[in-house]
Amino acid sequence: MFALGAVSLALIISGCASSAPTPMNDLTPLLNRHADQFGPVLTNAAEQRVQILISEVVNDRDGAPRLRRHGYRVDAEYFYPASSVKLCGAVAALQTLEQLQAEHHTGDLLDAPFEIAPLFPGDVPQTNDVTNLRRGRITAGHEIRKVALVSDNQAFNRLFDLVGHERLNRSMRELGLRSVVINHRLSEPRNIPNPLASAEVKIFPEGGAPVIVPARVSQLALTNKAGRLLVGKGYLKGDTNLNEPMDFSRRNGISLVDLQDLLIKVTRPDIELGTPALNLTPAHRARLLQAMTEYPRESTNPLYAAKNYPDYYSKYLLPGVRRIFPSQDRGERVESTGKNGRAYGFSIENSYLHNPKNGRAVFVTAVIYTNADGILNDDKYEYETVADPFLENLGELVARRWLTDAR
């Protein structure tokens, strides 16, 4: 049986603004020099909750990598992280598997089939995944690929059941990411009576007895503590238009710094952040990085049609980066590794950009809120007209400023 052990509620009862104060240079002068691209956004930066954190990787005198950080309105207020928190779920799932492997003395469980038991009356077991061309079964490795490649919501929700609400939040705080609040699944079509409950999961290692993760009900009451948790002036709930802001205090949340720091822990464990390191096996880390870097059309399992999932589907900065680095050939192109998100008018990018030709690398984490009518859930958000151009221009600026030879 899988046991969590004791949990200190004092450590995880609420989300904080960020893990620790982060020294950084002010990005405002650079953005102002590109007023033709960023002027309208900067004028409405507070209204659109714009935040940008850029961390270039440099070497100190001893050759060790470190970060030189640049920020604009970093953690000035709350933002809804949408699918960007799926990286938390993927990391916690890998940690859970490694703990289970050690406890039950099994081989690697990443590709072992698992079954999710019914969670409530009327629910059904989950065992099969037709997108898995190898075995047609649910596996953690396959769900992580779907999360990273095309931001599959069902895949994240399956990982949520595997890990559980309590373990998921606890694991992030054990990494020093104290702002993380993950209270709910994403776009879950089932009406789950208790969203903090997780179903029993049975994992079937090859040649061994099933590993059982029992059903769990989390007792944690997590709330966000960032500023401006009331968003919009109204929202639709079913067919009813409620004329009041939506309260995000109990919804998922994470600070911009913590979101980027998690990506750094995954992609560049050689960079010291002053918080606990993410100790994953090299094989698990490599599998996660591959899924976070590939374009959907490059995946051989699962398969995704390029016409439905263009390269920029999960990489909002990419069109701007390609203005400076048009090559798409592996080994030459600027690689983008990360996890973005979009919902309720919020667009979030969290990427590690690496130029293999000159070795230059930079982390970019940014958010913008576009909702001119102030109504949430009406599907009227200016993603294509405001958010996408902003993020594409940011990609171009970053590529030109931090990834070229001329600096």
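The values are calculated or read from the model by the stated rules, or taken from the named source; none is laboratory data. Quick caveat: nothing in here was measured; it's all calculated off a predicted structure. Neighbour counts run over all protein chains shown; Cβ positions are idealised from the backbone, glycine included.
Only one of the numbered conditions (1) closer than 24 Å to Leu196 by Cα; (2) assigned to a helix (DSSP H, G or I) is violated by Pro121, and that is (2). Only one of the numbered conditions (1) in contact with a helix residue (DSSP H, G or I) (Cβ under 9 Å, 6 or more places away or on another chain); (2) within 27 Å of Tyr78 (Cα to Cα) is violated by Leu229, and that is (1).
Among residues of the stretch 117-140 that are at pLDDT below 95, those with a Cβ under 8 angstrom from a residue that is surrounded by 13 or more Cβ atoms within 10 Å (Cβ to Cβ) and assigned to a loop (DSSP other than H, G, I, E, B), sequence gap 6+ or separate chain, pair up as Arg134/Asp111. Listed conditions (1) crowded, with 17+ Cβ neighbours inside 10 Å; (2) under 22 Å from Val334 (Cα atoms) are all met by Glu298, apart from (1). Among the residues of the stretch 198-214, those identified as within 13 Å of Val163 (Cβ to Cβ) and among the aliphatic types (A, V, I, L, M) are Ala199, Val201, Ile203, Val213.
Residues that are hydroxyl-bearing (Ser, Thr, Tyr) and either touching a Phe, Trp or Tyr at 6+ places or on another chain (Cβ under 7 Å) or at pLDDT below 95 (or both) were ranked within the stretch 315-350; the one that is nearest to Val41 (Cα to Cα) is Ser347.
The rows are residues; the columns are (1) surrounded by fewer than 20 Cβ atoms within 10 Å (Cβ to Cβ); (2) under 30 Å from Gly207 (Cα atoms).
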| position | (1), (2) |
| --- | --- |
| Val57 | no, no |
| Arg61 | yes, no |
| Arg66 | yes, no |
| Tyr72 | no, no |
| Phe79 | no, no |
| Ser83 | no, no |
| Cys88 | no, no |
| Thr106 | yes, yes |
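Do we have Val211 as more than 19 Å from Leu262 (Cβ to Cβ) and of a type in the set (A, V, I, L, M) here? Yes. Does Gly176 satisfy the criteria of being at pLDDT 95 or above, buried (at least 21 other Cβ atoms within 10 Å of the Cβ) and over 30 Å from Pro310 (Cβ atoms)? Judged against the criteria, Gly176 is not a match.
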